[in-house]
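Here's the structure, in structure tokens; my notes come after.
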Amino acid sequence: GSISLPEKVMPLFPWKALATSLRLLGLAGFWASDNIAFLTKNKFLLQSSPTAREAQEFGAKSYFFASWMGLFIAANDLNSQRIELMRLESEVDELSRSEKKRSS
């Protein structure tokens, strides 16, 4: 007979929601500082605003943070998939062993 494996729905863990929010916050920081740097360089903003250099540094740090959060999310997703694959492989092995026992 054919072996049918149950479909498993992966729940959204709180760490994933938090890491995604932090990644989006980092990208928003990069976006805002990039615009501030552009407006400062073009003399659109007042002198009391941050310098273009300061804005660029903050933007780089924000983008770096967002990249780390993305890496964290991807690594955890990959690990979850690897664990699920190992579980399914052991289920298939167990089913084929029981099929062999029944046929002999």
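Residue count for region 46-68 under the criterion of being surrounded by 13 or more Cβ atoms within 10 Å (Cβ to Cβ) and either of a type in the set (Gly, Ala, Ser) or over 22 Å from Ile36 (Cβ atoms) (or both): the result is 9. As a summary of the residue check, Lys61 satisfies the conditions (1) modelled with pLDDT under 95; (2) assigned to a helix (DSSP H, G or I); (3) of a type in the set (D, E, K, R) except for the one numbered (1). Within region 20-40, being over 15 Å from Phe58 (Cβ atoms) and open to solvent by 60 Å² or more (accessible area, probe 1.4 Å) holds for Ser21, Arg23, Leu24.
Output the qualifying pairs, or none if there are none: Cβ atoms under 8 angstrom, residues six or more apart or on different chains, first residue in region 80-94 and over 19 Å from Lys16 (Cβ atoms), second residue open to solvent by less than 100 Å² (accessible area, probe 1.4 Å) and outside any helix (DSSP H, G or I). From region 80-94, the pairs are Leu88/Leu5; Glu91/Leu5; Val92/Ile3; Val92/Leu5.
Give the residue that is farthest from the chain's Cα centre (by Cα), with candidates limited to residues of region 69-104 that are small (Gly, Ala, Ser) and open to solvent by less than 80 Å² (accessible area, probe 1.4 Å). Show your work before the answer.
Of the residues in region 69-104, the ones small (Gly, Ala, Ser) are 70, 74-75, 80, 90, 96, 98, 103-104.
Add one more test, that the residue is open to solvent by less than 80 Å² (accessible area, probe 1.4 Å), and what stays is 70, 74-75, 80, 90, 96, 98.
Details: Gly70: 4, Ala74: 4, Ala75: 8, Ser80: 12, Ser90: 28, Ser96: 36, Ser98: 39 Å.
That would be Ser98.
The values are calculated or read from the model by the stated rules, or taken from the named source; none is laboratory data. Everything numeric in this text was worked out from a predicted model, so none of it was measured. In this analysis, Cβ positions are derived from the backbone assuming ideal geometry, glycine residues included, and neighbour counts consider all displayed protein chains. SASA here: full protein model, heavy atoms, side chains in, ligands and nucleic acids out. Shrake-Rupley method; radii C 1.70, N 1.55, O 1.52, S 1.80 Å.
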